[in-house]
1. Given charges of +1 on the Cβ of Lys and Arg and -1 on the Cβ of Asp and Glu, with all other atoms neutral, how large is the dipole of the stretch 122-253 about its Cα centre, in debye to the nearest 20?
2. Over the stretch 80-217, with the other protein chains present, what is the accessible area per residue in square angstrom, probe 1.4 angstrom?
3. For the chain, which whole-number percentage of the solvent-accessible area (1.4 Å probe, protein heavy atoms only) is attributable to carbon and sulfur atoms?
4. Per residue Cα convex hull volume for the chain, in cubic angstrom?
5. Among PRO132, SER221, SER194, flag the residue with its Cα farthest along the positive direction of the charge dipole of the stretch 117-243, charges on Cβ as +1 for Lys/Arg and -1 for Asp/Glu.
6. Net charge near VAL338: determine it from the other residues with C-beta under 11 Å of the C-beta of VAL338, scoring Lys and Arg +1 and Asp and Glu -1.
7. Once R0 is set to 41 Å, what does the formula 1/(1 + (r/R0)^6) return for the Cβ-Cβ distance between ARG69 and LEU90, expressed as a FRET efficiency to the nearest 0.05?
8. Please calculate the 1.4 Å probe accessible area of LYS247, with all protein chains present, and give it to the nearest 10 Å².
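The values are calculated or read from the model by the stated rules, or taken from the named source; none is laboratory data. Bear in mind that the values here come from a model prediction, so they are computed numbers and not experimental data. Cβ sites come from the backbone with ideal geometry, for glycine too, and all protein chains shown count toward neighbours. In case anyone asks, the SASA skips ligands and DNA or RNA and just uses the protein heavy atoms, side chains included. Shrake-Rupley method; radii C 1.70, N 1.55, O 1.52, S 1.80 Å.
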Amino acid sequence: MKSNPYFNQLPDNYLFTEISARVRIFREQHPEAQLLNFGIGDVTQPLVPAVTDAMHAAVDDLTHRNSFRGYGPEDGYSFLKQAVIQNDYLPLGIQLHENEVFISDGAGSDLGNLSELFTADNRVAILNPAYPAYLDTCVMAGRAGTLLENQWSRIICLDCTADNNFIPELPAGQADIIYLCFPNNPTGTTLTRSQLQMWVDYALTHHSIIIFDGAYEAYISDKDVPHSIYEIPGAKEVAIEIRSYSKSAGFTGVRCGYTIVPEATGLRSMWMRRQCTKYNGTSYVAQRAAEATYTPLAKQQLAQQINYYKQGALLLRNGLEQLGYNAYGGINSPYVWVKTDTDSWTFFNRLLQQCQVVCTPGVGFGSEGDGYVRFSAFAGYDQCQLALQQIKQL
Ligand code: PLP
């Protein structure tokens, strides 16, 4: 047996595992400390009643012989695909066929699994900093090359820095696969329509594919920020869009999302084939729960929940700015990205030890993230208020 050698190239520790280890040591040394956790981007508010009612009803369906469901379609039930098309796309003027919508157990799996559609010699462009899964799954697939002085030889880094307002520039050469994530995790920034059009045009010219991660779409409030990449002319030929109910409806534990693979990309039937072979479908209860997020009552309840998180994000951003920090994001995003006066881990440790506040060191998202930390407003509004008071002590 020969194991996959590319796994050995991955950095030893997954970012959030390292954070947990440091927090655990701190707790052992200071058992009395009340930690405020702004680290991992997990939601803290419970599911809304309109969703749990639908889940209870779905469980009841499973208890009766005539409404029981076993294996569902690998690509999801029609009821949820239709709800996605009618609610997330038609209002934006985007027409999709049901067979272009693939229901999943969340964005994480699809982000990694999509990698199987492409050969190892494709050149991949990834934002720096970025959600770690894009790079890690490329490394696992043997597509990243070798790591020399913090740089993977075959990865094209799209640097997002304060100098370019965290808006990446187009690659100078050929990028075959481009991972974009807007609203962005970790920087909290967004692209306008015209900025996104440049990427679609690049992909059309260079025959590239854009994997557009829209996990934070629900947090968009600015009018000129597109909700879907398919609002951009030409995007159906060059873009796959990934969405999740994790951050829009608190499904991080329930697990449901979807991926749009338009026919025009030429990849739809491959993805269907892949899913039919390797995925036996998302749970019926989770799909009924996701369908319920589109009822008028659930929309109202979810809007309140998202607003609650967004108010916390804004409070953090404004509060940190008042304390003299340069803070970004937090407006169309639950994340606030903060410039630090030291490297990320030193600031992380200082915040933990002196303020009992846990954040995420920016360097965990890529080399350009060093000198920054990320705060996740999913901690909740009250926690944001408390954290600001404690950070004042620094
Ligand atoms: N994409 C981004 C940018 C994320 O931040 C996350 C989770 O935090 C995911 C994807 C994964 O989400 P899911 O819970 O749907 O797997």
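1. Details: 8 positive and 14 negative charges, 57 e Å.
Magnitude of the dipole: close to 280 debye.
2. Values: 5050 Å² over 138 residues.
Dividing the accessible area of the stretch 80-217 by its residue count gives 37 Å².
3. Working: 8630 of 17200 Å².
Taking all protein chains in place, the chain shows 50 percent carbon and sulfur surface.
4. On the way: hull volume 64.3 nm³, N = 394.
Dividing the Cα hull volume of the chain by its residue count gives 163 Å³.
5. PRO132
6. Values: positive: ARG317, LYS339, ARG374; negative: GLU321, ASP341.
Summing Lys/Arg as +1 and Asp/Glu as -1 gives +1.
7. Values: r = 27 Å, r/R0 = 0.65.
So, using R0 = 41 Å, E works out to roughly 0.95.
8. Roughly 30 Å² of LYS247 is accessible to a 1.4 Å probe.
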